[in-house]
């Protein structure tokens, strides 16, 4: 294959990624320069994308259209972003797609203390803004941003013992399950883990369970207090997560619509796969990212698939 044909295929992949991102989310950032080395059968991408998973999507798609070629994405960065702003309300909904008539899609809740957030782009007329949170979550914030704020610094863990975390889980029992929720009015499985880690340990974790697993993925169940247990089964969401107490697992159950404490054996029942992250790895992660403005700034790569 000559350089011209390879370049044509690369541009077609880039155009498709931009189109699908624009269609799904109402905005994207895929600013890339391409080097094609036909003799070496190698493509090098330079530039920026809005989220890490686009880097991996590009690599996979280019390998499909250029079989046998080397795809180099080492110089492809996640965009740095702009100024930081306080959240405008005590509870804010971050949308996965640009707000507008008939728009419905995934969303997550943010408490005011989850801010500040980093500006990535502004919607036309200032009706909404694309922002990145400290935990790396990107989405549309309806309405104007709050006042400008200093860049945050992720804290060092202020608690390195599992007992306070285990005790704190009891206050969440019987709280309703709500996908995307993060308050005692409704919360989902990964948000329960994230909020308890932040409030009790001082550790900022990623928002999604598949990213939380990347802190230190280990096969099998974690049986020590404070371990994070992940299961794949037909009753709960894929890569469902809970916090082990030593005897039980506290988790926000989608199938039972509430936060429950199950014996470990019951939590693992009918699981097609079981993995865990130790409490020690959670604390070590907090130490690793401390001082950075966000998990992205700390170099943590979001959106990776669970280990096969």
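Condition check ((1) in a loop (DSSP other than H, G, I, E, B); (2) crowded, with 23+ Cβ neighbours inside 10 Å) across all residues:
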residue	(1), (2)
190	no, yes
193	no, yes
199	no, no
204	yes, yes
207	yes, yes
210	no, no
221	yes, no
224	yes, no
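Determine if the stretch 165-174 includes at least one residue that is closer than 16 Å to residue 250 by Cβ and part of a loop (DSSP other than H, G, I, E, B). So far as the stretch 165-174 goes, yes, one or more of its residues are closer than 16 Å to residue 250 by Cβ and part of a loop (DSSP other than H, G, I, E, B).
Would you check if residue 110 is closer than 22 Å to residue 301 by Cα and modelled with pLDDT of 90 or more? It is true that residue 110 is closer than 22 Å to residue 301 by Cα and modelled with pLDDT of 90 or more. Here residue 39 fulfils each of the conditions (1) part of a helix (DSSP H, G or I); (2) free of Cβ contacts under 8 Å to residues at least 60 places away in the same chain; (3) surrounded by fewer than 18 Cβ atoms within 10 Å (Cβ to Cβ) apart from (1).
Looking across the stretch 42-64, the residues that are surrounded by 15 or more Cβ atoms within 10 Å (Cβ to Cβ), touching a helix residue (DSSP H, G or I) at 6+ places or on another chain (Cβ under 9 Å) and more than 30 Å from residue 113 (Cβ to Cβ) come down to 43, 45, 57, 58, 61, 62. In the stretch 80-96, the residue that is nearest to the chain's Cα centre (by Cα) out of those that are assigned to a loop (DSSP other than H, G, I, E, B) and crowded, with 19+ Cβ neighbours inside 10 Å is 81.
On the stretch given as the stretch 250-308, residues that are part of a loop (DSSP other than H, G, I, E, B), more than 17 Å from the chain's Cα centre (by Cα) and surrounded by 15 or more Cβ atoms within 10 Å (Cβ to Cβ) total 4. The condition (being surrounded by fewer than 17 Cβ atoms within 10 Å (Cβ to Cβ), part of a loop (DSSP other than H, G, I, E, B) and in contact with a strand residue (DSSP E or B) (Cβ under 8 Å, 6 or more places away or on another chain)) is satisfied by just one residue among 144, 99: 144. Taking the conditions (1) within 16 Å of the chain's Cα centre (by Cα); (2) under 28 Å from residue 34 (Cβ atoms); (3) part of a loop (DSSP other than H, G, I, E, B) in turn, residue 134 satisfies each one other than (2). Across the stretch 238-249, the qualifying residues are those that are in a loop (DSSP other than H, G, I, E, B) and buried (at least 18 other Cβ atoms within 10 Å of the Cβ), and the one among them that is farthest from the chain's Cα centre (by Cα) is 245.
The values are calculated or read from the model by the stated rules, or taken from the named source; none is laboratory data. Keep in mind that this is a model prediction, so the values were computed, not measured. All Cβ positions, glycine included, derive from the backbone under ideal geometry; neighbour counts span all protein chains shown.
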